[in-house]
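> One structure, as structure tokens, below. Some questions next.
The values are calculated or read from the model by the stated rules, or taken from the named source; none is laboratory data. What you are looking at is a predicted structure, and each value in this text was computed from that prediction instead of being measured. We place every Cβ from the backbone using ideal geometry, glycine too, and count neighbours over all the protein chains shown. Only protein heavy atoms, including side chains, enter the accessible area calculation; ligands, DNA and RNA are left aside. Shrake-Rupley method; radii C 1.70, N 1.55, O 1.52, S 1.80 Å.
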Amino acid sequence: MTLTVRVITPDKIVWDQTAQEVILPSSTGQLGILTDHAPLLTSLDVGVMRVRPDNKEWKSIAVMGGFAEVENNEIKVLVNGAQLGETIDKEQAQIAVNEAQTALDQATAKGDRREQMKATQQLKKAKARLQAAS
């Protein structure tokens, strides 16, 4: 038996295939899902979701926070944004991490807490994209 996995953003469906196993970046840590998993509703953090399609290698998807529902071997992942790791340019992702780190360092030096929070979130997103691309 397999899992039906759908990753949906406000503007598109990023993934709609079956899989043997899924690992979600829940707000409380990594969460593994196999067939016949108990029903579950969980919030997702910014991070990398991993999917193992039927008899294939793991695929990475950078997700930008949202929710996941697991029920009857069906996983619905509703997120603010998502991108398949194989479509992410590693060099551009590394540049984004460097820029976000610089912005965080500058906000910290100024003592601007609002800018620090904003830069921290941008850094987290940039790191998730880089990790999914690797």
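> Quick one: helix 90-110 against the long Cα principal axis of the chain, what's the angle to the nearest 10°, folded into 0 to 90?
The helix 90-110 is inclined about 50 degrees to the chain.
> How high is the relative contact order of the range 3-86? Use alpha-carbon pairs under 8 Å, at least six apart in sequence, and give a whole percent.
Values: 222 pairs, mean separation 26.7, N = 84.
About 32 percent, as a whole number.
> Here is a further query. Report, by chain and number, residues whose modeled amide H sits under 5 Å from the one on I88, excluding near sequence neighbours (fewer than 5 apart, same chain).
none
> Further question: Please report the carbon-and-sulfur percent of the accessible area for the chain; probe 1.4 Å, protein heavy atoms only, DNA, RNA and ligands left out. Intermediate results must be reported in sequence, preceding the final value.
Working: 3780 of 7940 Å².
Using a 1.4 Å probe with all protein chains present, the chain comes out at 48 percent carbon and sulfur.
> Among 122-129, 40-47, what's the highest-first ranking by average C-beta atoms within 10 angstrom per residue? Please list the in-between numbers first.
Numbers: 122-129: 20.9, 40-47: 17.0.
Descending mean neighbour count gives 122-129, 40-47.
> Name the residues whose placed amide hydrogens come within less than 5 Å of the amide hydrogen of W58, ignoring near sequence neighbours (fewer than 5 apart) on the same chain.
Close amide H contacts, sequence-distant or interchain: none at all.
> Which of the listed residues, G65, T87, A100, is farthest toward the dipole's positive end in the chain, when Lys, Arg count +1 and Asp, Glu count -1 at the beta-carbon?
A100
> So what's the gap between the Cα centers of the range 4-39 and the range 54-124, to the nearest angstrom?
16
> Read through the labelled values [x] 69, 17, 16; [y] 30, 16, 11; [z] 28, 17, 12 and report the label of the one computed as semi-axes √(5λ) of the Cα gyration tensor in Å from the structure.
[y]
> Here's a follow-up. Which entries in the list K76/K110; K12/K124; K12/K110 go over 30 Å, if you measure between the two C-alpha atoms of each?
Pairs exceeding 30 Å: K76/K110; K12/K110.
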